[in-house]
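S.K.: Take this structure, written in structure tokens, and hold onto it; I'll ask about it next.
The values are calculated or read from the model by the stated rules, or taken from the named source; none is laboratory data. Please read these numbers as outputs of a predicted model, since none were measured by experiment. Glycine gets a Cβ as well: all are built from the backbone with ideal geometry, and neighbour counts include every protein chain shown.
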Amino acid sequence: MKIHEYQARELLADSGVPVPSGSMVETVDDAVGETERLLGSGETLVVIKAQVHAGGRGKAGFVKLVRSVDEAREAAEFMLSNRMVSPQTPPEGLEVTRLLVAAGVDIESEFYLAITVDRANGTNTLIASAEGGVEIEKVAEETPELIIKEPLDPRLGLQPWQARKIAFAVGFKGKQVGQAVKTMLALSELFRSTDASLVEINPLIVTPADDQHPDGRVLAIDAKFNFDDNALFRQKAIAGLADPSEVDESERRAEEFDLSYVALDGNIGCLVNGAGLAMSTMDIIKLHGGEPANFLDVGGSATEEAVTEAFRIILSDDKVQGVLVNIFGGIMQCDTIANAIVSAAQAVGFEVPLVVRLEGTNVDAAREILNEAKSTLPTMHAASDLNDAARLVCSAVAVPG
Ligand code: GDP
Ligand code: MN
């Protein structure tokens, strides 16, 4: 689960990380009003930022620095009436309905700081760089030596000595070191206590020196947090931060019916029971030269209604040119699936080829149900085994170019 920047900034601020003050608004007028308030309270610079679950906003023109209410109005109007397109969004971009209006700050230097689940290393890992900011992906690709990785102890998290080592290694100086260490330790504690899978501050900045802060101040001015969906049951406060409008409509419907659904880029819709079987179904489709359009595990105890909804979700995807049903009936009974196929045929209709491979509990009853409904399922092929099924469905759809 992802949250918005303005929510992540609140979590950081609550953990004692210095963050410029700001508020979330949903209209141009409120953006203008909030800018007026900030300018009136002594700020000279205000930043208006689109709140969407994707980065790359700066380069896309969806992070704007303003110094007057007129500039704020223009920026807010632009962001709320255009879709934001960046390398991190779908090609058609994302609609923007929320803005963050925050105090702007002068920047001396930008750092990158994150903790994430490092699957390759089998640890939670702190990642830091002195080359933070909007070019971090380029830095990672072209000069990976400028990115420091520090594996964390699974129980202890980030230790103070590690935080100090990293702070010096990325070049914090003087009073900045203590502030950076405090930020890193707070980030590590947030990562643990919220069951996060990613906590990222980019950029963590140092402001220019002034009389009160001869070494500048260390501030977080952008944050991105992801959380482990499987831990949300014990993270009620985090779960409450979810913004349903940012979640893919099909994935939201699947969740409602307790289906594990992930949209993919191919053209073969898959309906399978069990995550392991779903993975091997995707593998065997690829082996036969095809590309799965989705991962869909209906689980062991889905009702006919849920399975019918699963077909509805698969068939509502325009990319789907063929459907493969692969069921190994154990707790899930094959006749439940067969009944769902029949009711999906009645409700939405299979215009695309449908390849069905059923084995296991109640398979004979299932075959009978499908046989009787044959006339309503003109595009259906029964497969003798999984290999046959994959071959059939791959030859029935266009080879992805
Ligand atoms: P992202 O592009 O989606 O990651 O959005 P960010 O919030 O990271 O903003 C992108 C860039 O805009 C930052 O790296 C900064 O260089 C700049 N920026 C954002 N907020 C401020 C601010 O308050 N003051 C200044 N001077 N620059 C800012
Ligand atoms: Mn950023």
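S.K.: Right, LYS138: surrounded by fewer than 18 Cβ atoms within 10 Å (Cβ to Cβ), more than 25 Å from ILE48 (Cβ to Cβ) and away from ligand 1 (no atom under 15 Å from the Cβ) or not? Can you show your working first?
M.R.: Details: surrounded by fewer than 18 Cβ atoms within 10 Å (Cβ to Cβ): yes; more than 25 Å from ILE48 (Cβ to Cβ): yes; away from ligand 1 (no atom under 15 Å from the Cβ): no.
Taking the combined requirement at face value, the residue does not satisfy it.
S.K.: Right, next: Here is a check on your reading of the model: is GLY55 at pLDDT below 95, closer than 23 Å to GLU92 by Cβ, within 16 Å of ligand 2 (Cβ to nearest atom) and within 23 Å of the chain's Cα centre (by Cα)? Quick ask: steps written out before the conclusion?
M.R.: Values: at pLDDT below 95: yes; closer than 23 Å to GLU92 by Cβ: yes; within 16 Å of ligand 2 (Cβ to nearest atom): yes; within 23 Å of the chain's Cα centre (by Cα): yes.
For GLY55, the condition - at pLDDT below 95, closer than 23 Å to GLU92 by Cβ, within 16 Å of ligand 2 (Cβ to nearest atom) and within 23 Å of the chain's Cα centre (by Cα) - is met.
S.K.: Then there is this: Restricting attention to segment 314-346, report how many residues are surrounded by fewer than 22 Cβ atoms within 10 Å (Cβ to Cβ) and touching a Phe, Trp or Tyr at 6+ places or on another chain (Cβ under 8 Å).
M.R.: Of the residues in that region, 1 qualify.
S.K.: Restricting the first residue to segment 103-118 and requiring it to be within 16 Å of ligand 2 (Cβ to nearest atom), which pairs with a second residue that is among the charged types (D, E, K, R) meet a Cβ separation below 6 Å and a spacing of at least six or different chains?
M.R.: ALA114/GLU200
S.K.: Step by step: first the residues of segment 1-29, then only those that are among the charged types (D, E, K, R) and touching a residue at least 40 places away in the same chain (Cβ under 8 Å), then the one that is farthest from ALA103 (Cα to Cα). Which residue is that? Reasoning before the result, please.
M.R.: Taking segment 1-29 as the starting set, the residues that turn out to be among the charged types (D, E, K, R) are 2, 5, 9-10, 14, 26, 29.
Checking the rest, the ones that are also touching a residue at least 40 places away in the same chain (Cβ under 8 Å) come to 2, 5, 9, 26.
On the way: LYS2: 24, GLU5: 14, ARG9: 13, GLU26: 17 Å.
Step by step, filter segment 1-29, then rank; the result is LYS2.
S.K.: Here's another thing I want to ask about it. Would you be able to say whether some residue in segment 17-40 is touching a Lys or Arg at 6+ places or on another chain (Cβ under 7 Å) and part of a helix (DSSP H, G or I)?
M.R.: Scanning segment 17-40, I find at least one residue that is touching a Lys or Arg at 6+ places or on another chain (Cβ under 7 Å) and part of a helix (DSSP H, G or I), so the answer is yes.
S.K.: Suppose the filter is part of a strand (DSSP E or B) and modelled with pLDDT under 95; does PHE311 pass it?
M.R.: Considered against the rule, which asks whether it is part of a strand (DSSP E or B) and modelled with pLDDT under 95, PHE311 comes out as no.
S.K.: Does PHE311 satisfy the condition of being aromatic (Phe, Trp, Tyr) and within 30 Å of the chain's Cα centre (by Cα)? Reasoning before the result, please.
M.R.: Working: aromatic (Phe, Trp, Tyr): yes; within 30 Å of the chain's Cα centre (by Cα): yes.
Yes: the conditions hold for PHE311.
S.K.: State which residue pairs qualify: first residue over 16 Å from PRO292 (Cα atoms) and inside segment 370-399, second residue assigned to a helix (DSSP H, G or I) in any location, beta carbons under 6 Å apart, and separation of 6 or more residues or different chains.
M.R.: Close Cβ pairs satisfying both conditions: LEU370/ALA338; ALA373/VAL342; THR376/ALA345; LEU377/ALA345; HIS381/LEU392; ALA383/ALA389; ALA383/LEU392.
S.K.: Just give me the residues in segment 17-40 being hydroxyl-bearing (Ser, Thr, Tyr) and within 30 Å of ALA186 (Cα to Cα), in sequence order. Let's see the steps before the verdict.
M.R.: Here is the first cut: in segment 17-40, the residues hydroxyl-bearing (Ser, Thr, Tyr) are 21, 23, 27, 35.
Across segment 17-40, the qualifying residues are SER21, SER23, THR35.
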